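All remarks here apply to the structure that follows.
The values are calculated or read from the model by the stated rules, or taken from the named source; none is laboratory data. What you see is a predicted model, and the numbers here were worked out from it, not measured in a lab. Ideal geometry is used to build each Cβ from the backbone, glycine not excepted, and the neighbour counts take in all protein chains shown.
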Protein chains: 2
Amino acid sequence: MKGVAILGSTGSIGRSALEVIRSNPGRFRVVALAAGDNTELLKEQAEEFKPDFVSVSGKEAAARLGKILKAPVGAGVEGAEEAARCKGADVVISAISGAAGLLPTLAAIRAGKAIALANKETLVLAGALVMEEARRHGARIIPVDSEHSAVFQSLAGHRKEDLKRVVLTASGGPFLNKPVQELDNVTPAEALKHPRWSMGRKISIDSATLMNKGLEVIEASHLFGLPGARISVVIHPQSVVHSMAEYVDGSIISQMSVPDMKGPIAYALSLPERIGGVTKPLELSGLRLDFMEPDLKMFPCLALAYSALQAGGTAPAALNAADEEAVAMFLNGRIPFTGIYRVISEVMGAFSPKPIKTIEDVLEADRIARLAAASVKALS
Amino acid sequence: MKGVAILGSTGSIGRSALEVIRSNPGRFRVVALAAGDNTELLKEQAEEFKPDFVSVSGKEAAARLGKILKAPVGAGVEGAEEAARCKGADVVISAISGAAGLLPTLAAIRAGKAIALANKETLVLAGALVMEEARRHGARIIPVDSEHSAVFQSLAGHRKEDLKRVVLTASGGPFLNKPVQELDNVTPAEALKHPRWSMGRKISIDSATLMNKGLEVIEASHLFGLPGARISVVIHPQSVVHSMAEYVDGSIISQMSVPDMKGPIAYALSLPERIGGVTKPLELSGLRLDFMEPDLKMFPCLALAYSALQAGGTAPAALNAADEEAVAMFLNGRIPFTGIYRVISEVMGAFSPKPIKTIEDVLEADRIARLAAASVKALS
C-alpha cells in the first residue's frame, strides 16, 4: 500500500483526494493529515482514515483534537511540516492553498518524498529554488493542477527535444462574454460562480481575472523547464481539453476528460498506472469544443503574470502576494473587480525584484508586496 | 541516413513521402521506388532521387524505363516485392492502394524491414497472419493512416493495460448533412469531393460511405490488438483530432494537427524523433471542434465492417473485395451511391468465412467476393 500524507485535507483538493482513497480500499493508506481551521471535518477525516499524525492550524484546537483522537496532533506551520515529513508517506499531496503551502511542501521535498503538487504557489513563489531542492533530494514533483497534469500526460512518450510549446487552456471564467465596461460592477457572488469547476474562493476569483492562468504559466515554466515564450494560453470555455503539448512537426497531443479534480489527483497518486472509473467517461457524442485567443483588455492580469515571470527572482512572489491581497479586498467589498488588476499593477510597478537566494528572500518579497497592496492609492 | 523504399511512389501518399524526403536533405535516402502505370512520374521521381531499384506495373513499360534510367527496373508484383526487399531499405513505405498492396508488404515484412503502413488492406485482408509474420521476422509496423498514427501517438508513454478503448474520428465525408433519402441521386463527382482530405478516388468514395472508417476499425483491431467492441468511431467534421485513446480513469489522450498526410508520414519515417515544420501549425484561435455519433442509417457500411471483423477469418477480405467492386461500379455509373451498400451487403450475406491459414485463403475469398459482387441482383 502506498502511504499518503495530505497537506490541506479539508480543502477542495484534500477532500477529493480522500474520496479517491476511500473508493480504492487496499491501495492507499493515509499516514498524515494537515488542515487549517476546519477542526470538525479534520476530526471526522482522522476518525475515518486513522492516520499516524494529524496537524491543525491553532495550538488550542490541536490540544482539543489530541484528547479526542488517539494520534499525536501537531499545530501551525511546524505541524504541517511534520505531517509532510511523516515516515510512512510515499507521496505527499501538497494542497494547502496560497503562500502558506510553501514551507510544508519544502519540508516534504527535503524529506525526499514524491510530491503531488496542487499548491501552485510553491512554484510561483520559489520555483527555481524548489526545483533545485527537489533535484538535490530526489523528490519527484508530479502536478495535480488539471492543466499541468494534462501537459505531463501529453509529454509522456514523446521527446522533450521535439517539444515546441505547451498550451494551457483556460475556461475564461464567468465573465468571458461580458462587455469589458461592465466588469466594474460585478459582485463577489457573480465572480465566485465558476462555470465549470467547483473550487475555493481565491482560485475562483483568480479564474475570473485569469490571474489563475497567469500563475499556472509561471508554475509550468518551472515544472517543465520552459521560458514564458514557450507557454501559451488559449481560452477553451468547455474545460474538456485540459491542456496540450505542441511538437515541432505540427502535431499536438492533448489530454481531455470531464472537469473533475479526482482525475489528476488519482493519476498523481497512482502513475504510471491509472485507477479505473475515477471520473465519469467523457461523452463524445454532441461534444463541441471551442478555442480562442485570450483578450488581454478583458484579462490584463494575464500580462502581469508573464511580465513577472520574465522579470524573474522575487517578482512572481510579489505578484502572488499582491494578488492574494487584492482578491481579499474585492471579496470584502473594498475594491471593485477591476480594482484587482489596478492594485496588482501598481504594486508591481513599484516593486524591485531581487534574486532568490534563500526562502527568506521570497517571504520578504511577499511581505513587501502585501504592505504595498494595502496602501495602494487606487483603493480610494 | 535512413534508407527508404516506397511502394506506390506515384500515388498520393508516395508523393507526399517524397516531399518530406526532399525537404529534409541528408536525412533519408530513397533506395527503391515501385509504382503502377504512371511511368512518366516514376521516371521523374527516379531521376530526382536516384534509387538503386525501380519497379513498374507492366513489363513493356519496365523495359522502356530500363533504357532511360541507369537503375535496374522490375515489373509487376515480383518487381514490387523486390523493391520491398531492397537491401539498403531501413523502412518500407507500403502505399500501393488496395488489395494489390498485400503481397509486396508481406515481402517487406519477411525481409524484417520496418513498415510504414499506409496500405490498410494489408491488415484488413490478412491481419492476424501479417501481424504474426511481423512478430516472427522482427518487422516493426508503424501506421501511416492519420487515424492510426494518432492512436499510436496517444498510446506512447501510457500503459496498454490501462487502455479502455480507442476512438477513431471520421470526417463524415461530403454527405454528412444530406438527408438520407437524397443519397440515391448523388453523382460520383459529388462523392469524390472530400471536405477535408485530398485523396485517391477509391478512398474518397469509401470516406463518403464510411466504409473507409470500417476498414480502419479492422486495421486498428490488428495493429493495437483490440476487439471491435473496444474500437469506437465518432464523427468529427473538422478532421483536426485525428483519433484518441481513452483510458480506464476517464482520461482521453488525442493527437491533433492540420489535415496533412505529410505529418503521419514524417512521423513514421523519423520516430521517435519528429521533423520540424512538416505541417503548418494548427491555428487554435477560433478553432471549433464537433463530435457526434455516426448515424448508421446514413452510413450502413460501417456496421458491415464491424460484422466482418466479428466474423473474422476471410470475412474482412471478402468485405474489402466486394467494396472495391461496388465502388468501381458506382464510379462507372452502373449503380447508384446507395447501391454500394446493397452490393456489399448481398455479397456478405451469402459469404461463408473460413479461417486464414495461408495467404491463398485470402486471395480465394477476394476472388469469390469479386465474382459475387459482379452478379449481384441489386445491380439490375
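Number of residues in region B:113-165 that are among the basic types (Lys, Arg) and over 28 Å from B:Asp366 (Cα atoms) equals 4. Every test in (1) out of contact with any Ser or Thr (no Cβ under 8 Å at 6 or more places or on another chain); (2) assigned to a helix (DSSP H, G or I) is passed by A:Val4 save one, and that test is (2).
If you scan region B:328-357, which residues turn out to be among the hydroxyl-bearing types (Ser, Thr, Tyr) and without any contact (Cβ under 8 Å) to a residue 40 or more places away in the chain? Before the answer, list the steps.
Kept after step one, since they are among the hydroxyl-bearing types (Ser, Thr, Tyr), are these residues of region B:328-357: B:338, B:341, B:345, B:352.
Within region B:328-357, just B:Ser352 meets the criteria.
For region B:296-315, the criterion of being assigned to a loop (DSSP other than H, G, I, E, B), within 14 Å of another protein chain (Cβ to nearest Cβ) and touching a helix residue (DSSP H, G or I) at 6+ places or on another chain (Cβ under 8 Å) is satisfied by at least one residue. Return yes or no: is B:Val258 over 18 Å from A:Pro281 (Cβ atoms) and touching a Lys or Arg at 6+ places or on another chain (Cβ under 6 Å)? Yes, satisfied. When region A:358-379 is filtered for residues that are more than 18 Å from A:Ala128 (Cβ to Cβ), out of contact with any Lys or Arg (no Cβ under 8 Å at 6 or more places or on another chain) and in contact (Cβ under 8 Å) with a residue 40 or more places away in the chain, the ones remaining, listed by number, are A:Arg367, A:Ile368, A:Ala369, A:Arg370, A:Ala372, A:Ala373, A:Ala374. Against the list (1) assigned to a helix (DSSP H, G or I); (2) within 16 Å of A:Ser9 (Cα to Cα); (3) in contact with a Ser or Thr (Cβ under 8 Å, 6 or more places away or on another chain), the condition A:Val77 fails is (3). Elements of the type helices (runs of 4 or more DSSP H) sitting completely within region A:163-225 and holding at least 1 residues that are touching a strand residue (DSSP E or B) at 6+ places or on another chain (Cβ under 9 Å): these cover A:201-209, A:211-224. B:Pro264 fulfils the conditions (1) over 16 Å from the mean Cα position of the chain (by Cα); (2) buried (at least 18 other Cβ atoms within 10 Å of the Cβ) except for a single criterion, (1).
In the set A:Ser23, A:Ser16, A:Ser12, which member is touching a Gly at 6+ places or on another chain (Cβ under 7 Å) and either surrounded by fewer than 23 Cβ atoms within 10 Å (Cβ to Cβ) or small (Gly, Ala, Ser) (or both)?
Values: A:Ser23 fails: touching a Gly at 6+ places or on another chain (Cβ under 7 Å); A:Ser16 fails: touching a Gly at 6+ places or on another chain (Cβ under 7 Å).
After applying the criteria, what remains is A:Ser12.
Give the residues of region A:250-271 that are under 15 Å from B:Ser154 (Cβ atoms) and assigned to a loop (DSSP other than H, G, I, E, B), sorted by residue number.
The answer is A:Ser251, A:Ser257.
Scan B:Ala134, B:Ala107 and give me the residue that is touching a strand residue (DSSP E or B) at 6+ places or on another chain (Cβ under 8 Å), at pLDDT 95 or above and not hydroxyl-bearing (Ser, Thr, Tyr). Give the derivation first.
Values: B:Ala107 fails: touching a strand residue (DSSP E or B) at 6+ places or on another chain (Cβ under 8 Å).
Being touching a strand residue (DSSP E or B) at 6+ places or on another chain (Cβ under 8 Å), at pLDDT 95 or above and not hydroxyl-bearing (Ser, Thr, Tyr) holds for just one of B:Ala134, B:Ala107, which is B:Ala134.
When every residue of region B:227-243 is checked against the conditions, none turns out to be in a loop (DSSP other than H, G, I, E, B), over 13 Å from B:Leu168 (Cα atoms) and of a type in the set (Ser, Thr, Tyr).
Residue check: B:Met131 meets all listed conditions (1) within 14 Å of chain A (Cβ to nearest Cβ); (2) over 26 Å from B:Arg201 (Cβ atoms); (3) touching a His at 6+ places or on another chain (Cβ under 9 Å) but one, namely (1). Scoring A:Arg288 on the criteria (1) buried (at least 21 other Cβ atoms within 10 Å of the Cβ); (2) at the interface with chain B (Cβ under 9 Å from one of its Cβ atoms); (3) in contact with a Phe, Trp or Tyr (Cβ under 8 Å, 6 or more places away or on another chain); (4) of a type outside the set (Phe, Trp, Tyr) leaves a single failure, condition (1). A:Asp90 satisfies every condition listed in (1) among the charged types (D, E, K, R); (2) modelled with pLDDT of 95 or more; (3) over 23 Å from A:Leu271 (Cβ atoms) except (3). In this structure, A:Ala62 does not qualify as among the aliphatic types (A, V, I, L, M) and either under 23 Å from A:Pro264 (Cα atoms) or in contact (Cβ under 8 Å) with a residue 24 or more places away in the chain (or both).
Residues that are out of contact with any Pro (no Cβ under 9 Å at 6 or more places or on another chain) and either of a type in the set (Gly, Ala, Ser) or within 7 Å of chain B (Cβ to nearest Cβ) (or both) within region A:256-274 comprise A:Met256, A:Gly263, A:Ala266, A:Tyr267, A:Ser270, A:Pro272, A:Glu273, A:Arg274, listed in sequence order. B:Gly277 - would you say it is within 14 Å of another protein chain (Cβ to nearest Cβ) and at positive phi? Spelling it out, B:Gly277 is indeed within 14 Å of another protein chain (Cβ to nearest Cβ) and at positive phi.
Within region B:142-162, the set of residues being at the interface with another protein chain (Cβ under 10 Å from one of its Cβ atoms) and in a loop (DSSP other than H, G, I, E, B) comprises B:Ala156, B:Gly157, B:His158, B:Arg159. Taken as a whole, the condition of being outside the structural domain of B:Leu210 (by TED's automatic domain parsing), surrounded by 17 or more Cβ atoms within 10 Å (Cβ to Cβ) and modelled with pLDDT under 95 applies to B:Glu324. Screening region B:19-48 for residues that are in a helix (DSSP H, G or I) and in contact with a strand residue (DSSP E or B) (Cβ under 7 Å, 6 or more places away or on another chain) and picking the one that is nearest to B:Ala89 (Cα to Cα) gives B:Ile21. Within region B:241-255, being facing chain A (nearest Cβ under 7 Å) and under 22 Å from the mean Cα position of the chain (by Cα) holds for B:Ser254, B:Gln255. Within region B:61-74, the set of residues being more than 23 Å from B:Gly98 (Cα to Cα) and either modelled with pLDDT of 95 or more or part of a helix (DSSP H, G or I) (or both) comprises B:Ala63, B:Arg64, B:Leu65, B:Gly66, B:Lys67, B:Ile68.
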